[in-house]
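Worksheet: one structure, shown below.
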Amino acid sequence: MPGKRWVHYSATRRSLPIKPPVKTNAGPPPTVKGVVKLSVIVPFYNVQQYASDTLKSLRANAREDFEFILVDDCSRDETPDILARAERELPGAVVVRHEKNGGLATARNTGIDTARGEYLTFLDGDDWLAPGYFARLVAAIEELGCDFVRTDHVQCTGRARAVHRVPHGRRGVVMNPRDAILPADRSTSVDYAYAWAGAYHRRLVDRGLLHFTDGLRTAEDRPWIWKLHREAESFAAVSLMGVYYRRGVASSLTQIGDVRQLDFIRAFDQIVAETAGDQDADKLLPKAVRTYCAIISHHLGSVERFEPPVARKLKSMSAVALRRMPQDVLDDALDSMDIERASRLRRLRRRPAPAGVAA
């Protein structure tokens, strides 16, 4: 009974018989047997409290030509047992197990390398979907014929719900992704960095544009979205909503003030370095530098949530990062910011860097 695969990423690959895919109202069956239209990449790490809801929502999106690549990033709670049940019950499931925790970027890369679909998308292991959302997502990108589409989402904090939209005014219109990076002083598509808010054609994988920077433990979406907007050929924002993004999860790295949070510096160093080598560097660098400054200021403004040694390291590494930036571009960026943030960053810029501190 075909339709499901098991994969051990760091071990062997084997196939087991399972029930055939169950037809749903999500959309039509594939025209060619065995062709995968959409690969959905879902990393899981210690999310036993939420994984069942995530998997239930995937089942409500199942289609004969969809596959769900479930990456267990070496969870130490009951998540592996929940995924074991999904292997039996979720049509199109592909289970991938890491023998060592690698972080979200590495887990997504494993999923990309495993995926067979014409299109790819992502979901996090503690979020969930509206029924039939993926069928509508595939229909949208197929109709437009572009490299990638970006979608809206619903942010969920406890019982509160808030709609967050792609910061791009034109909807359903295919555009050059580079045209959606600017202006520097406003929120644009590169600031809406959620990988799961969209779908991506396989040609982006073939061109080396869809993989994440391996090992980044936070801000992994930031260099990734910048690379897509600089180097992909076409994109569109669509008025489609169906991802429910859970905020305030205690195990989420955004809620933990440890040293892994400081990877945002490595992420934005990469953005600045790659943008500096772009043919339009003079136009795009102000946006990259200004965003970097805004993120540094944000972390400094909530420095009390960090462990004391990490807070000290944050200040030292941020001071060094400011001095690494193109100084003329940095001057303009600080001049364009509000007094509170600009003053905070100027003080940090003048801070002596301890010997040996590097990002």
Item to check | Stretch gain in nm, segment ARG171-ALA130, where the contour uses 0.36 nm per residue and the Cα spacing is subtracted | outcome: 12.7 nm
Item to check | Lysine-lysine proximity count for the chain, Cα under 22 Å, sequence distance 8 or more or distinct chains | outcome: 14
Next on the checklist: Please report the antiparallel percentage of the DSSP beta bridges confined to the chain, to the nearest 5.
Outcome noted: 35
Next on the checklist: How far apart, in nanometres, would the label points at ARG350 and ASP53 be if each is projected 7 angstrom from Cα along the Cα-to-Cβ direction?
Outcome noted: 4.9
Item to check | Within the chain: Cβ-based charge dipole about Cα centre, in debye rounded to nearest 20 (Lys, Arg +1; Asp, Glu -1) | outcome: 460
Checklist entry - Looking at SER316, ALA273, TYR200, which one has the Cα that reaches farthest to the positive end of the dipole of the chain (charges on Cβ: Lys, Arg +1; Asp, Glu -1)? => result SER316
Checklist entry - When ranked by the protection proxy of mean other Cβ atoms within 10 Å per residue, highest first, what sequence do the peptides 146-158, 121-133 form? => result 121-133, 146-158
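With every protein chain present, what is the per residue accessible area of the chain (1.4 Å probe, Å²)? Mind dumping the intermediate values first?
Details: 15860 Å² over 359 residues.
Computed with neighbouring chains in place, this is 44 Å² per residue.
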Checklist entry - Which percent of the accessible heavy-atom area of the chain goes to carbon and sulfur, probe 1.4 angstrom? => result 50
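With an 8 Å cut-off on Cα pairs and a minimum separation of 6 or more residues, tell me the relative contact order of the chain in percent.
Values: 699 pairs, mean separation 54.2, N = 359.
After rounding, I find 15 percent.
Based on the mean of other beta carbon atoms within 10 Å per residue, what is the order of 226-239, 275-288, most packed first? Don't jump to the answer; show the numbers that get you there.
Numbers: 226-239: 20.6, 275-288: 17.2.
Descending mean neighbour count gives 226-239, 275-288.
Counting Lys +1, Arg +1, Asp -1, Glu -1, what net charge surrounds ASN176 among other residues with beta carbon under 13 Å of its beta carbon? List each step's numbers first, then the result.
Details: positive: ARG170, ARG178, ARG230; negative: ASP147, ASP179, GLU231, GLU233, ASP280.
Its environment carries a net charge of -2.
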Item to check | Selected from HIS98, VAL190, GLN49, residue furthest toward positive end of dipole (the chain; charges at beta carbon) | outcome: GLN49
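Order of 70-81, 330-341 by packing, highest average Cβ count within 10 Å first? Don't jump to the answer; show the numbers that get you there.
Numbers: 70-81: 19.5, 330-341: 14.6.
Top to bottom by mean Cβ count within 10 Å: 70-81, 330-341.
The values are calculated or read from the model by the stated rules, or taken from the named source; none is laboratory data. As the structure is a computational prediction, the values presented were derived from the model and not from experiment. Reconstructed Cβ throughout: ideal geometry from the backbone, glycine too, with neighbour counts over all protein chains shown. Quick note on the areas: whole protein, heavy atoms, side chains included, nothing else; ligands and nucleic acids left out. Shrake-Rupley method; radii C 1.70, N 1.55, O 1.52, S 1.80 Å.
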